[in-house]
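Student: This is the structure I want to talk about, given as structure tokens.
The values are calculated or read from the model by the stated rules, or taken from the named source; none is laboratory data. Quick caveat: nothing in here was measured; it's all calculated off a predicted structure. Reconstructed Cβ throughout: ideal geometry from the backbone, glycine too, with neighbour counts over all protein chains shown. What goes into the accessible areas is simple: the full protein's heavy atoms, side chains included, and nothing from ligands, DNA or RNA. Shrake-Rupley method; radii C 1.70, N 1.55, O 1.52, S 1.80 Å.
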Amino acid sequence: MKSQRSEEFHIWSCSPGSQSICLNTDLAKKPPECLEYIVVHELAHLLEPTHNTRFITLMDQFMPKWRFYKDQLNRLPVRREDWVT
């Protein structure tokens, strides 16, 4: 797992081919449960690169309440200048 500088565009990404996950350090400003959701989501992508039925089954297995955390994350501001520091 690598960190990305905050100036970079992506907040997080996964590369199944190289078995790596990149996380932007600005994610530290998100609630811990949302960060956990992102990590589990990206780890699941190492096993299944698409958002198909297998991926959803993996998410259900490893984080049963993932839909709740996804919704919570999606309600938060994306741009760091909108975040409360």
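Student: Residue by residue through the range 1-41, note down the ones that are out of contact with any Leu (no Cβ under 7 Å at 6 or more places or on another chain) and modelled with pLDDT of 90 or more.
Tutor: Within the range 1-41, PRO31, PRO32, GLU33, GLU36, VAL39, VAL40, HIS41 meet the criteria.
Student: Anything in the range 41-71 that is hydrophobic (A, V, I, L, M, F, W, C) and buried (at least 17 other Cβ atoms within 10 Å of the Cβ)? List them, or say none. Even if it seems obvious, please write down each step before you answer.
Tutor: Initial filter on the range 41-71 (hydrophobic (A, V, I, L, M, F, W, C)): 43-44, 46-47, 55-56, 58-59, 62-63, 66, 68.
Of everything in the range 41-71, those that are hydrophobic (A, V, I, L, M, F, W, C) and buried (at least 17 other Cβ atoms within 10 Å of the Cβ) turn out to be ALA44, LEU58, MET59, MET63, TRP66.
Student: If you don't mind, another one. Mind checking which residues of the range 24-40 are touching a strand residue (DSSP E or B) at 6+ places or on another chain (Cβ under 6 Å) and open to solvent by less than 20 Å² (accessible area, probe 1.4 Å)? It would help to see each step written out before you state the result.
Tutor: So in the range 24-40, the residues touching a strand residue (DSSP E or B) at 6+ places or on another chain (Cβ under 6 Å) come out as 24-25, 38.
Across the range 24-40, the qualifying residues are ASN24, ILE38.
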